[in-house]
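K.L.:
Would you mind keeping the following structure in view while I ask a few things?
Readers should treat all values here as calculations from the given coordinates under stated rules, not as data from a laboratory. Bear in mind that the values here come from a model prediction, so they are computed numbers and not experimental data. Every residue, glycine among them, receives a Cβ derived from its backbone with ideal geometry; neighbour counts consider all protein chains shown.
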């Protein structure tokens, strides 16, 4: 019975420039089996691609070739593993030179040009013959129309009047014949234009070939030793750039059921030069572009310097400073990186790879997209679904009457899924009616967040300026006193009790000579529904019943010296 074992190794990078005829083969057999992409994990700015070769191999050493790898491959990221009764001995990443053009290719292009030229000759013959036939038909028709014929004595004889029905039929036949000839000429002329375009295309292509040039492509050779004839499966994975994904959301709130449905989708784009056809797609939230190890602080030196002499220019000082910074940075010891692979050479079975798995990591999440997907290398956005879930929602209105006389509906939801919601654009719907576009902030599992759902004119908001005047007070030292007196009115025209938060503010004094006093509302501890924050923003919280109108007084005073104006009011 064949024993199945798992093997793996990190690639030993050997970038070699080889000709197509003399690629070095590490084993005694070089497999011609082609690889296929079987899995892709897309990060925000790159992707981990896995190619697989599955083949029945005989006992002995074999070299499996993973050909036509992308140009944007990260050479330090390649690795291989697999399954089967075999040992993975070596992995090499190579760069192969190949001729872009050959004499055989030029020969084929010249054959196509000759074929087009022959077709042009045939088309021109058709035009010539059709033109002659057209001329003859027109001459015959003209003679019939004139009802004149020539006789040997050069006398003109009037033909007898033909039968009218035969006359009309004969003229009609000639007209049909002329139309057919004209159509044939037009079609042939169009064909000639296309043939000429083809000639220009192939002639330009031959000119661009020149004397031939060489290009390079990436390939990997995986050397394995098969213990007994069996089916071996080898996976080759690598990081590739030129791709990424970003989240988009569809948020639908329902006021009757107090629910919110969030559809979490991903837009994937890639131009890696290889198509991902019918493969398993995974999306990772890991920030692969950021070093996983925290940065270390370097010593921060300060020193005393004499003030520059008059003869020393600012440019000289700047150059000295740059040299000092360069010396300090170069004198710091570099941190030695630890090897990523620990390999037990005495063990012929399993080779362990010390690598981080984003699927098991605590610092990121991986979304496994259901089914198989195809993402072509066309740099076009491809949308895939991540999650659709319905959440319990609590609704509340919020208004800033000073700025806009509207009440804005918002919903609070707790993310009860295991999916972190990344920042992204959002389409917002309320009771299946499109409201607006918005932005989703970062929301982790078990975290609550608010979503604004637009203006609801069922809540009426009015902001009245009752009084605004200036007064002078003080017996000995006169002061300017500015009084602001407002009234906020909120009316609930809906049939349900609603919660609403009202926002306003008082100014912040930037001088000890300015005094700002809040006269209303009352901020005593007993009045728990009114709060003020460090930026002097005031928050009122109310539960307003159907058809109820609440009146909120808001009054403050700003005092300052009489002889100085207060700016910002």
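K.L.:
Can you give the FRET efficiency for residue 519 and residue 438, using 1/(1 + (r/R0)^6), R0 = 41 Å, r = Cβ-Cβ distance, to the nearest 0.05?
P.N.:
Efficiency for this residue pair is about 0.65.
K.L.:
Treating the stretch 388-473 as a set of equal point scatterers at the Cα positions, no solvent, please give the Debye-formula log₁₀ I(q)/I(0) at q = 0.12, 0.16 Å⁻¹.
P.N.:
After summing over all Cα pairs, the log10 values are -0.49, -0.73.
K.L.:
While we're looking at this one, here's another question. How far is it, in nm, from the label point at residue 207 to the one at residue 452 when both lie 7 Å from their Cα along the line to the Cβ?
P.N.:
5.9 nm
K.L.:
Students often check this: by mean Cβ neighbours within 10 Å, which of 368-379, 259-270 ranks highest, and how do the rest follow?
P.N.:
Working: 368-379: 13.3, 259-270: 19.6.
Sorting 368-379, 259-270 by mean packing, highest first, produces 259-270, 368-379.
K.L.:
While we're looking at this one, here's another question. Express in nm, to one decimal, how much length is gained between residue 505 and residue 169 on full extension, taking 0.36 nm for each residue of separation and deducting their alpha carbon distance.
P.N.:
111.4 nm is the gain from fully extending residue 505 to residue 169.
K.L.:
Using only Cα atoms, locate the centre of the stretch 182-197 and the centre of the stretch 497-569, then give the distance between them in Å, rounded to an integer.
P.N.:
Centre-to-centre (Cα) distance: 83 Å.
K.L.:
Then there is this: State the extension gain, in nm to one decimal, for the chain segment bounded by residue 256 and residue 227, taking 0.36 nm per residue of separation less the distance between their alpha-carbons.
P.N.:
Using 0.36 nm per residue and subtracting the Cα-Cα distance, I get 3.7 nm.
K.L.:
Once R0 is set to 60 Å, what does the formula 1/(1 + (r/R0)^6) return for the Cβ-Cβ distance between residue 394 and residue 189, expressed as a FRET efficiency to the nearest 0.05?
P.N.:
The formula returns an efficiency of 0.20 here.
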